[in-house]
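Asks: My structure is below; once you've seen it, I'll send some questions.
We did not get these values from a lab; they are worked out from the coordinates using the rules stated. This structure is a prediction, so every number in the text was calculated from the model and none was measured. Methodologically, a virtual Cβ is constructed for each residue, glycine included, from the backbone with ideal geometry; neighbour enumeration extends over all protein chains shown.
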Amino acid sequence: MRKKIVLIDGHSILNRAFYGIPDLTNSEGIHTNAMYGFLNIMFKFLDEEKPDYLTVAFDLPVPTFRHVMYKEYKGTRKAAAPEFKQQVPLMQDLLRSMNINVVTCEGFEADDIIGTIAKTSARDGLDVVIVSGDRDLLQLCEEHIKIRIPKTKKGGTEVEDYLPENVFETYGVTPLEFIDVKALMGDTSDNIPGAPGIGEKTATKLIAQYKSMENVFEHLDELKPKQKENIGNNIELLRQSKILVTIKTDVDLGFKLESAGLDDMFNADSYELFKRYNFKNMLSKFDKNMPQKELEVYDNFKEVTEFSEVEDIFNKVKEMVESGKQIGLAVLAEESLSGIALSLSDEEIYYIPCTGFVNENYLVTRLREAIKLADGRLIVTSGLKSVLKFLDTTSLYEYSDVPENAFLDVSVGEYLLAPNNESYDYVALARTYMDINVPARAELIAKDSLEKASQTNNENLVKYACLQSYIYLKVANNILDNLKKMDMYDLFINMEMPLIFVLYEMEKQGVRVDKQELIDYSAVLAEKIEALEASIYKAAGEEFNINSPKQLGVILFEKLGMPVKKKTKSGYSTASDVLEELAVDYPIVNDILEFRQLAKLKSTYADGLTEYIGEDSRIHSNFNQTITATGRISSTNPNLQNIPIRMEMGKLFRKVFIPREGFSFIDADYSQIELRILAHMSGDEKLIESYNSDVDIHRATASHVFNTPLEEVTDLQRRNAKAVNFGIIYGISSFGLSKDLSISPKEAKQYIDQYFESYPSIKDFIDGLVENAKENGYSITMFNRRRPIPELKASNFMQKKFGERIAMNAPIQGTAADIIKIAMIRVYDELKKANLKSHLVLQVHDELLVEVANDEIEKVREIIEKGMKEAAKLKVSLEIDLNVGKNWLECH
DNA sequence: GCCGTCACG
DNA sequence: ACGTACGTGACGGCT
């Protein structure tokens, strides 16, 4: 068997990866997309070729012999993007860390290195595979030298493979003749001139016929007069071109095959770098090489079913908790409880399945006994909100006897430390804090439910459970230390941890929805939609799927010939702002707009919400605490934070949200909380004064900006001022404002300039926000919540601007999120303390909806008012609008 | 699984 | 020149 060597054209593959993979940045702001793409391509080829040897060749950033002989060589090539450049040396270091042979050679290019190694290796009896993004290398092709050119197509990479016969099929010339083709036609990207007027077609034809450039020179008389002139007048230049495009195969490299062996690619050094660059899905490659750390622990995972043993474990847990020691807890529950895992130490990690005498009641009882003994945050877990569900489902106990401060939720803690992350599960925590890559749920128990997994693959289920409890316990103090270091311990302990209990209660309570009303409304919508459909089909002259932007685009812009105002990546934009413009001239478009609106209402709200109404006539949506980068909470399954309010047709959905019998709703929302926060944080006297004198804030802004007495501010001026106020909060840009107000960016800029002239301290404030964020790499709220902004380090103009807008917005939006979280906790605590039946049901960013017992309305009104208004002490007052009603529409 | 669209703050 | 306002989630269509 011939041995095989793979040769990679480092620069060209890295470059291809850079443009093929969207920008990626690690937490330090280092761009990693090219490296990531390179590794993907490299692993793919290693996998396919299974070579014995591997070498990656790179250019050096110094002139080569080509530059010396022809000073215009690569002259017009524009400088590479800095995001690319910075990755070149990093890539080389990364490869070296993987013990991969990286070769460079002063005075020569990567092509020459590859050419030399390829030819010598082939001569020495190896199979050679060259991987490059560049067709220039095709000239190296021969029986045992294959060229592979990866192409990034959407849906994966395709590879073009070239052996000599493929080169001939594709180009009609042999690999060696390819050099002459190239010399004749030139190469604009390398600034090689070639003969004027001779392109790829002609050059190929001539070489196919005459076999070499020199032979073409011999037969100039047989050419067309123009070609004869173009080539004949440039013979010297063309000879030089040929030297330039000929890849050297005799460079003195001192290449040793032994040093190109593949050995120990996945070692501790490379692991560090993979982790640093956040190549998460590649870390599993290290598994079989670095298992030591994990295996030890896996051996200590133990399933315990013997009743007396379970008793012993719980007794030990109680002892530990009593003496102030932390334990790790993971609860495995879906429809029902499968079991719990307890981690007491590195040696004692137990999975206790829920079976036999060890039933749910038993487990809950014993666990609660331990929790009640905890003085301090000793019960370490993740997803505490769902753990509470398990602790609460028993009929044996009152849930409220469990002390809140017994728990520590490591995922919520990690969210504060890195709110941009997408996951805070045990896999992510193990990577971040323990440098290990542990199997994810999907790897252990596939798509099975937990119940099914316990029957089919119990061993993996035990591993899944124990791993979690083990990791939670392991990382807890690291996370606490980091929170303290970053001054977020208070935020964690006094805001995020207590909030878990509030959100749990809200989810548990849910909100009542009138199912029949929803179903009826769906039917009404269906009827209207059908009528609109008929009218649209008639106007279009055919039936089509109006919900398909693609089909709709064809009808509107091709068949009906409407002017194209805006395009998307994949075709014509049919977004509502575009359609609204068209509606003036084409009445059919109004029907389409209405159809869209009603279709949305029907699918998302009428039919969508109906699905979620439970046996208790209530919707129990999920409030997620670890999603947003700014600190807001989000709502899913269903999303109850985007129930319509602005449009008449949509509003009606608020009517189906109703309180239970004997209860009412109180809805309270902050009045312009973000602008008030801006007033406070900036300390701007004018804005503070406006709020303290209780004038309409947008009117006051208009008065200042347009230099008009308050009473004379026109509606238009007020509207403009309002838009500017929003703009300030979003991170102002003249372009965004101009779009919002349908004015020119120039006019928008004037408004902004005028605003900043009127409010200089606000300008200073937001400039300061950006400046601080640039200096620190993150923004910060009044309550110390951080948001890292890696975008600020981008050299891409757009991205940096985006980072700047985030830096302006995040502290304001985040502080508002902090404040309403405080309010929620206070309202929750007060309701509980007063032993009231009323409870929070929804939070919509600046609004709280409370289901209130009819005999508690006045008390609860006071609690809400106090809780919200006094949630933070600002330089301006926090005002709320509060209403009582019999449905959500009525009280908002 | 991504895109375009649109619902909310 | 670049080509956008900040933060979310769900749906239908399409690949």
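Asks: In what sequence, highest mean first, do A:686-697, A:220-231, A:505-516, A:129-140 appear when ranked by Cβ atoms within 10 angstrom?
Replies: Working: A:686-697: 16.4, A:220-231: 13.9, A:505-516: 18.4, A:129-140: 23.5.
Highest to lowest by the protection proxy: A:129-140, A:505-516, A:686-697, A:220-231.
Asks: Please list, ordered by chain and number, the residues whose modelled amide H lies under 5 Å from the amide H of A:I880; skip anything fewer than 5 residues away on the same chain.
Replies: A:S671
Asks: Next question. For the stretch A:694-761, taking Cα atoms only, what is the radius of gyration to one decimal and the Dmax to the nearest whole Å?
Replies: 11.1, 33
Asks: How many nm is it between the label spots at A:D881 and A:K389, if each spot is 7 Å from the Cα in line with the beta carbon?
Replies: Computed distance between label sites A:D881 and A:K389 equals 3.4 nm.
Asks: What percent does the relative contact order of chain A come to when contacts are Cα pairs within less than 8 Å and at least six residues apart? Kindly include the intermediate steps, with their values, before the conclusion.
Replies: Values: 1397 pairs, mean separation 81.3, N = 892.
Relative contact order, chain A: 9 percent.
Asks: Turning to a different aspect of this structure: By how many degrees, 0 to 90 and rounded to 10, does the Cα axis of helix A:110-123 deviate from the longest principal axis of chain A?
Replies: Once rounded, one gets 60 degrees.
Asks: What number does the stretch A:244-284 give for Rg over Rh if you use C-alpha atoms and the Kirkwood radius?
Replies: Values: Rg = 16.9 Å, Rh = 13.6 Å.
Checking Rg against Rh, the ratio lands at 1.25.
Asks: Quick one: grab the alpha carbon gyration tensor of the stretch A:663-779, order the square roots of its eigenvalues as a ≥ b ≥ c, and give me rounded if a/c is under 1.5, else prolate or oblate depending on whether a/b is larger than b/c.
Replies: Rounded.
Asks: Please report the Cα spread of the stretch A:413-566 along all three principal axes, rounded to whole Å, starting with the longest.
Replies: Cα extents, longest axis first: 67, 46, 39 Å.
Asks: Further, regarding this structure: Please report the base-10 log of the normalised intensity I(q)/I(0) for the stretch A:173-246, using a Debye sum with one equal scatterer per alpha carbon and no solvent, at each q in 0.25 (1/Å).
Replies: The calculated log intensity ratios at q = 0.25 Å⁻¹ are -1.17.
Asks: Next up: Calculate the tail of P(r) for chain A: the fraction of all Cα-Cα distances greater than 56 Å, expressed in %.
Replies: 28
Asks: Just the projected area, averaged over all directions, of the convex hull on the alpha carbon atoms of the stretch A:292-485: how many nm²?
Replies: 10.8
Asks: Let's test the formula: R0 of 22 Å, r as the Cβ-Cβ distance of A:N191 and A:E106. What FRET efficiency results, to the nearest 0.05?
Replies: The formula returns an efficiency of 0.55 here.
Asks: If you average the alpha carbon positions of the stretch A:37-94 and of the stretch A:249-281, how far apart do those two centres end up, in angstrom?
Replies: Between the Cα centre of the stretch A:37-94 and that of the stretch A:249-281, the gap is 14 Å.
Asks: So if each residue of separation counts as 0.36 nm, and I subtract the Cα-Cα distance between A:K515 and A:D299, what length gain in nm does that give?
Replies: Length gained, A:K515 through A:D299: 72.5 nm.
Asks: Also, I was wondering about something else. Can you give the extra length, in nm with one decimal, that the chain gains between A:N26 and A:A442 once fully stretched, where that is 0.36 nm per residue apart less the Cα-Cα distance?
Replies: Using 0.36 nm per residue and subtracting the Cα-Cα distance, I get 147.2 nm.
Asks: On to the next question. Round to the nearest 0.05 the FRET efficiency obtained for A:E747 and A:M1 when R0 = 56 Å and r is the Cβ-Cβ distance.
Replies: That gives a FRET efficiency of 0.15.
Asks: So, R0 is 22 Å and r is the distance between the beta-carbons of A:F544 and A:V584; what FRET efficiency does that work out to, to 0.05?
Replies: Calculated value: 0.45.
Asks: Check the straight Cα-Cα distances from A:K50 and name the aspartates and glutamates below 16 Å, setting aside those fewer than 8 residues away within the same chain.
Replies: Excluding near neighbours in sequence, the set is A:D127, A:D263, A:D264.
Asks: Please give every one of the lysines within straight-line cross-link reach of A:K565, meaning a C-alpha to C-alpha distance under 18 Å, and leave out same-chain neighbours fewer than 8 residues apart.
Replies: Partners within reach: A:K550, A:K739.
Asks: Taking 7 Å along the Cα-to-C-beta vector as the label spot, tell me the A:K151-A:N494 distance in nanometres, rounded to one decimal.
Replies: So the label points at A:K151 and A:N494 sit 6.2 nm apart.
Asks: Continuing with the same structure: Which links in A:K201/A:K242; A:K389/A:K602; A:K566/A:K763; A:K275/A:K463; A:K722/A:K875 stretch past 27 Å when you go from one Cα to the other?
Replies: A:K389/A:K602; A:K566/A:K763
Asks: Would you mind telling me the antiparallel percentage of the DSSP bridges in chain A, rounded to 5?
Replies: Expressed as a percentage, antiparallel bridges in chain A total about 70.
Asks: Place a label point 7 angstrom from the Cα of A:S634 along the Cα-to-Cβ direction, then list the residues of the stretch A:407-450 whose backbone nitrogen is under 12 Å away.
Replies: A:420-423
Asks: Here's another thing I want to ask about it. Give me the compactness ratio for the stretch A:117-215, meaning the Cα radius of gyration over 2.2 N^0.38 Å.
Replies: Normalised by 2.2 N^0.38 Å, the Cα Rg of the stretch A:117-215 equals 1.15.
Asks: Roughly how tilted is helix A:175-185, in degrees to the nearest 10 and between 0 and 90, from the longest Cα axis of chain A?
Replies: So the helix axis and the longest Cα principal axis differ by about 90 degrees.
Asks: Counting other C-beta atoms within 10 Å, which of A:I673, A:I613 has the fewest, and how do the rest follow?
Replies: Ordered from fewest to most neighbouring Cβ atoms within 10 Å, A:I673, A:I613 come out as A:I613, A:I673.
Asks: Would you tally the net charge around A:Q843, using a Cβ to Cβ cut-off of less than 12 Å, leaving A:Q843 out, and scoring K and R as +1, D and E as -1?
Replies: Details: positive: A:R632, A:K821; negative: A:E505, A:E507, A:D667, A:D669, A:D846, A:E847.
Taking every Cβ under 12 Å from that of A:Q843, the sum is -4.
Asks: If we sort A:636-645, A:568-577 on the protection proxy, mean other Cβ atoms within 10 Å, highest first, what's the order? Each step should come with its number before you reach the end.
Replies: Numbers: A:636-645: 16.3, A:568-577: 13.9.
Packing proxy ranking, top to bottom: A:636-645, A:568-577.
Asks: Which pairs in the list A:K280/A:K318; A:K474/A:K774; A:K318/A:K474; A:K774/A:K869; A:K74/A:K248; A:K600/A:K793 are over 28 Å apart, alpha-carbon to alpha-carbon?
Replies: Cα-Cα > 28 Å for A:K280/A:K318; A:K474/A:K774; A:K774/A:K869; A:K600/A:K793; rest within.
Asks: Could you work out the helix-only [θ] at 222 nm for chain A, with each DSSP H run of four or more residues adding -39,500 (n - 2.57) and the total divided by the number of residues, to the nearest 500 deg cm²/dmol?
Replies: -15000 deg cm²/dmol
Asks: Note down the net charge around A:D161, summing +1 for each Lys or Arg and -1 for each Asp or Glu among other residues with Cβ under 12 Å from its Cβ. Don't skip to the end; give the middle numbers.
Replies: Details: positive: A:K146, A:R148, A:K151; negative: A:E48, A:E49, A:E158, A:E160, A:E165, A:E169.
Within the 12 Å Cβ shell, the charges total -3.
Asks: Also, quick follow-up: Please identify which residues in the stretch A:781-820 have an amide N closer than 19 Å to a label point set 7 Å out from the Cα of A:Q86, following the Cα→Cβ vector.
Replies: The answer is A:788-807.
Asks: What's the extension gain from A:E214 to A:S570 if we count 0.36 nm per residue and subtract their Cα-Cα distance?
Replies: Gain on extension, A:E214 to A:S570, equals 123.3 nm.
Asks: Go through A:420-428, A:11-19 and give me the packing order, highest mean Cβ count within 10 Å leading. Each step should come with its number before you reach the end.
Replies: Values: A:420-428: 17.4, A:11-19: 22.2.
By packing density, highest mean first, the sequence is A:11-19, A:420-428.
Asks: Moving on to the next point. List the residues of the stretch A:106-127 whose backbone N lies under 11 Å from a point placed 7 Å from the Cα of A:L163 along the Cα-to-Cβ direction.
Replies: Flagged as within label range: none.
Asks: Taking 7 Å along the Cα-to-C-beta vector as the label spot, tell me the A:D124-A:N420 distance in nanometres, rounded to one decimal.
Replies: 4.5
Asks: Something else about it: For helix A:515-540, report the angle its Cα long axis makes with the longest principal axis of the Cα atoms of chain A; keep it between 0 and 90° and round to the nearest 10°.
Replies: 40
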